[in-house]
Structures are given as C-alpha cells and as structure tokens.
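Novice: Below: one structure in structure tokens.
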Amino acid sequence: MDLRETDEQQLLRESVAVLAGRFGGEYFLAKAKSGEKTTELWAEAGKAGYLGVAVPPEYGGGGAGMVELAIVAEEIAAAGCPLLLIVVSPAIVATVIATSGTAEQKERWLPGFADGSLRMSFAITEPDAGSNSHRITTTARRDAGGGWRLSGHKYYISGVDETDATLVVARMEDAASGTLRPAMFVVPRDTPGVTYQPIDMAIVSPEKQFTLFFDDAPLPADALVGGEEAGLSALFAGLNPERITVAAYSNGLARYALGKGVAYARDRDVWGTPIGAHQAIAHPLAAAHIDVELARMATTRAAFLYDVGDRGAGDAANVAKYAAAEAAIKAVDAAVQAHGGNGMSLEYGVGGLIGAVRAARIAPVSREMVLNHVSQHTLGLPKSY
C-alpha cells in the first residue's frame, strides 16, 4: 500500500477544503445556535459531487471508494463544519443500498445520494438494546396486502428532522418458522404511524438527535432492503464505512482544534514572548499532533482495506475509530488548555468542541466494545461479555 495520495485524491482534498473553508466554524456555530440547518453547505458539496464520491458511476456517483469519502468527511470537519450526516447518509445508507439493495432500489435511491438531493437517517439503536443488536425489538410483520407493518421505537437517531427517510434495522417475522430475522426497511419520514421527538443534548449542533416511534406503520413490499434473504450481511455492509467515516470526522475536528490552539499559542504574548515558546504549551500540542497523524494513517489504512475487500477491514475500522476518537479528545484538550480561560469562551471556538469529540468515544460503537473486540478477535483472549 502506497500511503502517498494520488493526484486525484490530493485534488479532491484541496477542493473540498476550499469549499468547506468558505463556510467555516463560525457558519456552523451560527446555524447551531439559531436552530437552522447547514443546508447551503450540504447542497454545494452535493452539487460538486463530493457527497456521492463513493456511489457507483452508473447511478451518477464518482465511482471511487471509502478512501475518498473519508477525505471528504475529514476536510469538511477540518474546516469547522463536522457534518454527522455524511457518516449516516452517504457512508452507511448509500453503501447498504449499493451493496445489498435490489436493482429497483438502486435505481430509485442511489442517484439522489450521488448528487446530495436525498438524505437518509439510519436507525439501529434502542434504549434496552445498547450495543447488543440481538435484543432489538422493533418488528416488521407482513400485512394482508403483501406489505409490512412496523412497530417499535429507536433511540439516538441523527437528523430525522432533515432527512427524507430512515433506514430502520428491525426484526422480520418469519411466518413459516415463527422466528425473527434481522432486516432493514426504508421508512419515509411522512409514513403514517411514524412520529419522532428530539432529545435534549449538551452538544450544540445543527444536527439533532431523536427518538423514533413506529405504531403499526404501513410500508410497501419493496421497503425491505435487499429482499428477505439479505439479513445480517446487508447490515454489516454499512458498519465498517460508519466506523471509518467517524474516524475521518474525528480527525478533521482534531485538526481544526489544533489549528486554533497553535495559532493562539503563536500569537499570545504574556511575558514578552509567545506562549508557544514554552514547552508546557508546545509539547501537549506537538504530542496531540503526533497522535492525530497516527490516527489519520490508521483511518487511511482501514479505508484502503475496505475498498480492496480485505478481510482485515473490520479490525482496521475499529482500530481507526478508536485511535481517532482518542486523538481528537487529546487535541481538543490541548487546544483548550493553550487558550487558558479563553478556552471556555465561545468567542475562541474551542471549548464547544469538547462534547463533539467526546461523543466519538461512545458512538457508533463504544471504546469499551472496541477493546472487547480487539481482546477477543485479535488477541485471542476469552470473551468477556
């Protein structure tokens, strides 16, 4: 594997950075505080083809891979505009439909993902299930007309108020055997019987979190993604891209925070010299930079392994997500500390990043579950849960 980016990848990175830089952190924060959405940034990124960079070309996408989508996610975040919906819509849902959807589903949905005109949420989490997807209780059953009826609820679902539909992970009733099998359904936001409530969050962001309720919601037969036999393979198709793009998102936020911390340390003069000349300020920033660069390498490796279909992509995606979350937390902490009291001021734009990067240690899979996976599957230790 050549760690040097191709000319095309470098151009993509530079172009996305220029576009996102026209908006920047002040734009993102203003949208968050006013309750507005980052519609303009999303629309421009979609029109430029950045959001659909990994969608197959026959559906209007760029035909690239997860390496390129990670570049997009990282550079937009590095400009101070961390768009969580890039993780959810292009990375998870578009990948699931591209890899597991029927021909009709691909024709219907993928062109919208390609140009950014379509956004979908992803709903797997439930209050009583946590990280144990086997405890999911949201259930789909066949109705008399050949369609489906969906009942249950989901928790911590991103962006429901600004997406067109939600890809819902449920359990499908098998009438012949009486068993419940995993399955996914595309549920338009305006489906009868679907309601949602916002969750009050400590994080200030334009992208909100919701609880979703399904009360015998009617769905057509073709709402089932990939057919009745798709099962877990369809779900797993989107989980590694999710981890990779969360890592890229975290790397971008870390770079944004470090940029602010370094600029402040270079310019702030207290005792006749910039505070960045003192090792107590310089070393934490330098150490955080090293951790971020290592996390970026891990993320690129995971994306590359995913794109070439290597069996180690799952382990690499977990490693990248873990490393990036930890590095981002360290980077933001160093930037805040370099600012001193100003680190807690909204004016300087670093204190508000604490919650944003801290969340990546929890979601989409917790730090502890990553360590469980590495302990068991990489190191061969006994299962602990």
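The values are calculated or read from the model by the stated rules, or taken from the named source; none is laboratory data. This one's a predicted model, so the numbers in the text were calculated from it and none came from an experiment. Every residue, glycine as well, gets a Cβ built from its backbone with ideal geometry; the counts of neighbours run over all protein chains shown. Remember, those area values only see protein heavy atoms, side chains included, never the ligands or the DNA or RNA. Shrake-Rupley method; radii C 1.70, N 1.55, O 1.52, S 1.80 Å.
Novice: Residue check: is V16 open to solvent by less than 20 Å² (accessible area, probe 1.4 Å) and either of a type in the set (D, E) or without any contact (Cβ under 8 Å) to a residue 60 or more places away in the chain (or both)?
Specialist: Numbers: open to solvent by less than 20 Å² (accessible area, probe 1.4 Å): yes; either of a type in the set (D, E) or without any contact (Cβ under 8 Å) to a residue 60 or more places away in the chain (or both): no.
Answer is no for this residue.
Novice: A further question on this structure: Which is without any contact (Cβ under 8 Å) to a residue 40 or more places away in the chain and not acidic (D, E), of G355, G341, G314, G349? Break it down stepwise before answering.
Specialist: Numbers: G355 fails: without any contact (Cβ under 8 Å) to a residue 40 or more places away in the chain; G314 fails: without any contact (Cβ under 8 Å) to a residue 40 or more places away in the chain; G349 fails: without any contact (Cβ under 8 Å) to a residue 40 or more places away in the chain.
Result of the check over G355, G341, G314, G349: G341.
Novice: Has segment 211-218 got any residue that is touching an Asp or Glu at 6+ places or on another chain (Cβ under 8 Å) and either within 30 Å of A359 (Cβ to Cβ) or crowded, with 20+ Cβ neighbours inside 10 Å (or both)?
Specialist: So far as segment 211-218 goes, no, none of its residues is touching an Asp or Glu at 6+ places or on another chain (Cβ under 8 Å) and either within 30 Å of A359 (Cβ to Cβ) or crowded, with 20+ Cβ neighbours inside 10 Å (or both).
Novice: Also, quick follow-up: Go through segment 285-323 and count every residue that is of a type in the set (D, E, K, R), open to solvent by 10 Å² or more (accessible area, probe 1.4 Å) and under 15 Å from A73 (Cα atoms).
Specialist: Going through segment 285-323 one residue at a time, the tally reaches 1.
Novice: Let me ask something else. When segment 219-232 is examined, which residues are found to be touching a helix residue (DSSP H, G or I) at 6+ places or on another chain (Cβ under 7 Å) and open to solvent by 30 Å² or more (accessible area, probe 1.4 Å)?
Specialist: Within segment 219-232, D222 is the sole residue that qualifies.
Novice: Sticking with this one: Give just the number: which of (1) closer than 21 Å to P241 by Cα; (2) surrounded by 24 or more Cβ atoms within 10 Å (Cβ to Cβ) does G112 not satisfy?
Specialist: The one condition G112 does not meet is (2).
Novice: For segment 325-349, give me the residue count where each residue is at positive phi, assigned to a helix (DSSP H, G or I) and surrounded by 19 or more Cβ atoms within 10 Å (Cβ to Cβ). Reasoning before the result, please.
Specialist: So in segment 325-349, the residues at positive phi come out as 340, 349.
Okay, now just the ones that are also assigned to a helix (DSSP H, G or I), so 340.
In the following step, the residues that additionally are surrounded by 19 or more Cβ atoms within 10 Å (Cβ to Cβ) were identified as none.
Count: 0.
Novice: Check D190 against each of (1) assigned to a strand (DSSP E or B); (2) open to solvent by 20 Å² or more (accessible area, probe 1.4 Å) and name the one condition it does not meet.
Specialist: Checking D190 against (1) assigned to a strand (DSSP E or B); (2) open to solvent by 20 Å² or more (accessible area, probe 1.4 Å), the one that fails is (1).
Novice: Here is a follow-up. Might you check whether a residue that is surrounded by 14 or more Cβ atoms within 10 Å (Cβ to Cβ), in contact with a Pro (Cβ under 7 Å, 6 or more places away or on another chain) and assigned to a helix (DSSP H, G or I) occurs anywhere in segment 350-362?
Specialist: Yes.
Novice: If only one of G49, G63 is without any contact (Cβ under 8 Å) to a residue 24 or more places away in the chain, outside any helix (DSSP H, G or I) and not charged (D, E, K, R), which one is it?
Specialist: Details: G49 fails: without any contact (Cβ under 8 Å) to a residue 24 or more places away in the chain.
After applying the criteria, what remains is G63.
Novice: Which of the following residues is crowded, with 22+ Cβ neighbours inside 10 Å, at pLDDT 95 or above, over 19 Å from Y27 (Cα atoms) and of a type in the set (G, A, S): A257, A248?
Specialist: Numbers: A257 fails: over 19 Å from Y27 (Cα atoms).
Going through A257, A248 in turn, just one is crowded, with 22+ Cβ neighbours inside 10 Å, at pLDDT 95 or above, over 19 Å from Y27 (Cα atoms) and of a type in the set (G, A, S): A248.
Novice: Follow-up. Using the structure shown, decide if L11 is exposed (fewer than 12 other Cβ atoms within 10 Å of the Cβ), assigned to a loop (DSSP other than H, G, I, E, B) and not polar (S, T, N, Q).
Specialist: Working: exposed (fewer than 12 other Cβ atoms within 10 Å of the Cβ): yes; assigned to a loop (DSSP other than H, G, I, E, B): no; not polar (S, T, N, Q): yes.
No, not satisfied.
Novice: Here's something else I'd like to know. In segment 115-134, how many are open to solvent by 50 Å² or more (accessible area, probe 1.4 Å), touching a Leu at 6+ places or on another chain (Cβ under 9 Å) and closer than 18 Å to F236 by Cα?
Specialist: 1
Novice: Right, next: Would you confirm, using the coordinates I've provided, whether G272 is assigned to a loop (DSSP other than H, G, I, E, B), open to solvent by 50 Å² or more (accessible area, probe 1.4 Å) and not aromatic (F, W, Y)?
Specialist: Here the answer is yes, as G272 does meet what is asked.
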